[in-house]
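S.K.: The structure is given below, and queries will be raised subsequently.
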Amino acid sequence: MPPRAPTGVPHRERTTLSTLITGIGSLVTNDPGLGAGPLGLVEDAAVVVDGDRIAWVGPAAAAPAADDRFDAAGRALLPGFVDSHSHLVFAGDRTAEFNARMSGRSYSAGGIRTTVAATRAASDAELDANLARFLREALRQGTTTVECKSGYGLTVEDEARALRIAARHTPETTYLGAHVVAPEFADDPAGYVELVTGEMLDACAPHAKWVDVFCERGAFDGDQARAVLTAGAARGLVPRVHANQLSYGPGVQLAVELGAASADHCTHLTDEDVAALAGSRTVATLLPGAEFSTRAEYPNARRLLDAGAAVALSTDCNPGSSFTSSMAFCIAVAVREMGMTPDEAVFAATATGARALRRTDVGTVTVGARADLLLLDAPSHVHLAYRPGVPLTAAVWRNGVREV
Ligand SMILES: [Zn+2]
């Protein structure tokens, strides 16, 4: 860390203040060079935050001085969660649909179209306030980085405004005009793909970092998905893909072939799909909230990890199929149902989530990283899976600022 301001130099000459977080019972750094195992665990640790960055990490006994001091009182500190897949620009909710599904009753209302209609009818201010509320909800649970997709507008103007609104809150914005075929194009899916790869892309690209497509039976097939992703890539957007969620299909292979940052869902995979992911830079992002909320079969994280694939966990937070903003919940389900160890699940929710967003400044507690930190009301990160459903957030810092 930069040395403390020398005696006699008033603090006001410094642009930022440093804080020593000490008494950390167990620190997850995600850097094996700093501590034990893949999580780089350091016991009796300390961290110095200087401005918005981590300035020092190590044993508390060796910690340097800082302007301010926070006593973690033996609790566990880890990187803030990186939620690399969400759909949070929307209006309305789908309580009745969920209730019917979970009660074994058929439900004939419009599903995703219900959300599209409500989103189109909402004002910019309503959508912005809704998004801000969900981001605050996630922050209170330790999530400091959130990716956010469009996909409930499905017109040129409604998709562009969703991304404009999302971009006010996060740099991780994803153009998902190809979520489903817009209702106006029900009889002309090819015409909709033309719109998504043409005029809609032109309007959305300035506000997006990523391009995504729902490659699935009933949504977009392999050829259509390829057209959407390559058109987006030609405009500088990096691909990510909703792949192999409901059935086997070409999504994963396409993601790998096009160098997508992430193939998301990965619930129905052939051995070839697993091998392709393992031999690529493409992260397999698993979204257990979706299977939980639809009583569907979970993806097999163990199979992917054993093959050598990078696995991230994310919420898929959306009002239809996974209305949770809790990364801790996803960790607990992944450990119980998907064959992950608690260490693997925590790594997937932080370091690999960052990798799925091609970010090197978040997802670790290392010198130079953003000071995005989650202090648990527990002595170990294992409690995230060991104590499911329990609110364990003691404090959250984002960009070095204590937010919770
Ligand atoms: Zn999704």
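The values are calculated or read from the model by the stated rules, or taken from the named source; none is laboratory data. Quick caveat: nothing in here was measured; it's all calculated off a predicted structure. Cβ sites come from the backbone with ideal geometry, for glycine too, and all protein chains shown count toward neighbours. Accessible surface areas use protein heavy atoms only, side chains included; no ligands, DNA or RNA. Shrake-Rupley method; radii C 1.70, N 1.55, O 1.52, S 1.80 Å.
S.K.: When you check Gly368 against the structure, is it open to solvent by 10 Å² or more (accessible area, probe 1.4 Å) and either free of Cβ contacts under 8 Å to residues at least 12 places away in the same chain or out of contact with any strand residue (DSSP E or B) (no Cβ under 9 Å at 6 or more places or on another chain) (or both), yes or no?
M.R.: no
S.K.: For the range 253-269, how many residues are outside any strand (DSSP E or B) and touching a Ser or Thr at 6+ places or on another chain (Cβ under 8 Å)?
M.R.: 8
S.K.: From the residues in the range 140-152 that are away from the ligand (no atom under 15 Å from the Cβ) and surrounded by 20 or more Cβ atoms within 10 Å (Cβ to Cβ), which one is farthest from Gly236 (Cα to Cα)?
M.R.: Step by step, filter the range 140-152, then rank; the result is Gln141.
S.K.: For the range 286-314, which positions are touching a Gly at 6+ places or on another chain (Cβ under 8 Å) and under 27 Å from Thr393 (Cα atoms)?
M.R.: Ala301, Ala312, Leu313, Ser314
S.K.: Do you know which residues across the range 291-304 are touching a Ser or Thr at 6+ places or on another chain (Cβ under 9 Å) and in a helix (DSSP H, G or I)?
M.R.: Glu291, Phe292, Ser293, Thr294
S.K.: Condition (residue is in a helix (DSSP H, G or I), open to solvent by 10 Å² or more (accessible area, probe 1.4 Å) and in contact (Cβ under 8 Å) with a residue 60 or more places away in the chain) applied to the range 181-189: is it met by at least one residue?
M.R.: Yes, the range 181-189 contains a residue that is in a helix (DSSP H, G or I), open to solvent by 10 Å² or more (accessible area, probe 1.4 Å) and in contact (Cβ under 8 Å) with a residue 60 or more places away in the chain.
S.K.: Got a number for residues in the range 335-365 being in a loop (DSSP other than H, G, I, E, B) and open to solvent by 20 Å² or more (accessible area, probe 1.4 Å)?
M.R.: 7
S.K.: I've got another one for you. Would you call Arg402 more than 24 Å from Leu277 (Cα to Cα), open to solvent by 50 Å² or more (accessible area, probe 1.4 Å), more than 20 Å from the chain's Cα centre (by Cα) and at pLDDT 95 or above?
M.R.: yes
S.K.: Working carefully through the options His242, His179, His265, find the one that is within 16 Å of the ligand (Cβ to nearest atom) and on the phi > 0 side of the Ramachandran plot.
M.R.: Just one listed residue meets the conditions, His265.
S.K.: In the range 232-245, what count of residues is obtained for those that are assigned to a loop (DSSP other than H, G, I, E, B) and closer than 14 Å to Ala263 by Cβ?
M.R.: Result for the range 232-245: 2.
S.K.: Which residues, taken from the range 297-320, are among the acidic types (Asp, Glu) and within 16 Å of the ligand (Cβ to nearest atom)?
M.R.: Asp316, the sole residue that qualifies.
S.K.: Ala66: modelled with pLDDT of 95 or more, surrounded by fewer than 21 Cβ atoms within 10 Å (Cβ to Cβ) and out of contact with any Phe, Trp or Tyr (no Cβ under 6 Å at 6 or more places or on another chain), yes or no?
M.R.: Answer is no for this residue.
S.K.: Further question on the same structure: Is it the case, given these coordinates, that Thr341 is of a type outside the set (A, V, I, L, M, F, W, C), away from the ligand (no atom under 16 Å from the Cβ) and out of contact with any strand residue (DSSP E or B) (no Cβ under 6 Å at 6 or more places or on another chain)?
M.R.: Spelling it out, Thr341 is indeed of a type outside the set (A, V, I, L, M, F, W, C), away from the ligand (no atom under 16 Å from the Cβ) and out of contact with any strand residue (DSSP E or B) (no Cβ under 6 Å at 6 or more places or on another chain).
S.K.: Hey, any hits in the range 315-327 for a residue that's open to solvent by less than 10 Å² (accessible area, probe 1.4 Å), out of contact with any Gly (no Cβ under 8 Å at 6 or more places or on another chain) and part of a helix (DSSP H, G or I)?
M.R.: no
S.K.: Which pairs turn up if I take residues in the range 305-326 that are on the phi > 0 side of the Ramachandran plot and look for partners that are more than 13 Å from the ligand (Cβ to nearest atom) with beta carbon separation below 6 Å, at least 6 apart in sequence or on another chain?
M.R.: Once the first residue is on the phi > 0 side of the Ramachandran plot and sits in the range 305-326, its partners that are more than 13 Å from the ligand (Cβ to nearest atom) give Gly308/Ala278.
S.K.: Could you list, in sequence order, the residues of the range 218-231 that are away from the ligand (no atom under 16 Å from the Cβ) and not β-branched (Val, Ile, Thr)?
M.R.: Once the filter is applied, which keeps residues that are away from the ligand (no atom under 16 Å from the Cβ) and not β-branched (Val, Ile, Thr), the range 218-231 yields Asp221, Gly222, Asp223, Gln224, Arg226, Ala227, Ala231.
S.K.: Evaluate the following for Ser326: is it within 14 Å of the ligand (Cβ to nearest atom), at pLDDT 95 or above and not basic (Lys, Arg)?
M.R.: no
S.K.: In the range 77-133, which residues are assigned to a helix (DSSP H, G or I), open to solvent by 30 Å² or more (accessible area, probe 1.4 Å) and aliphatic (A, V, I, L, M)?
M.R.: Ala96, Met102, Ile112, Ala117, Ala118, Ala121, Ala125, Ala129, Ala132 - these are the residues of the range 77-133 that are assigned to a helix (DSSP H, G or I), open to solvent by 30 Å² or more (accessible area, probe 1.4 Å) and aliphatic (A, V, I, L, M).
S.K.: Quickly run through the range 153-177 and pick out the residues that are crowded, with 18+ Cβ neighbours inside 10 Å and among the charged types (D, E, K, R).
M.R.: Hits for the range 153-177 are Asp158, Glu159, Arg161, Arg164, Glu172.
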